[in-house]
Amino acid sequence: MKVTTKLVGAQSLSRKFGRMGEIARGDALETALVAGGLVIATRWKQLAPVKTGSYRRSIHVGGHTDQTSDFGGDDLGQNKSANDGAKIIVGTAITDPAYPVDLENGTVRMAARPSAQPAFDEKKDEAVREVKRALKVVVRASAL
């Protein structure tokens, strides 16, 4: 007995799978990572010590190197995406590098008031879930 099958829409299905692979990397992966980074940045801002508010306002997720910050110079920037991956930075745009480090670790004259590490420790699992959720949205949209 001979069985014959015919797959209808194979080319369309192949195109959709190809698009899903293209979309779930590069810029889309960067966007998903930013979504996860925002979870950590939001908690960091909640935990950050406040005197004038400049430190808290400076905490953010990347940006692009063609943008400038209110503090002068390049923004955190350095978000990068390519076909083989993406990278984002969660940090502060304060140009005096010692200020955030001194708050986090303390100095001989000031006790540590950590906020970045506790925010990361507390929210890292939620951030990973958010990245996965964002990627699912992108992949589902590409399948349409």
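List of remarks:
- Protection proxy ranking of 30-37, 104-111, 45-52, 119-126, by the mean of other Cβ atoms within 10 Å over each peptide's residues and highest first, is 30-37, 119-126, 45-52, 104-111.
- Extension gain, N105 back to I89 (0.36 nm per residue minus Cα-Cα distance, nm): 3.8 nm
- When each of K87/K123; K45/K136; K51/K123; K87/K124 is checked by Cα-Cα distance, pairs over 22 Å: K45/K136; K51/K123
Throughout, read-outs are computed from the coordinates displayed, never taken from laboratory work. The shown structure was predicted, so the numbers you read here are calculated from the model rather than taken from an experiment. Cβ atoms come from the backbone with ideal geometry, glycine included; neighbour counts cover every protein chain shown.
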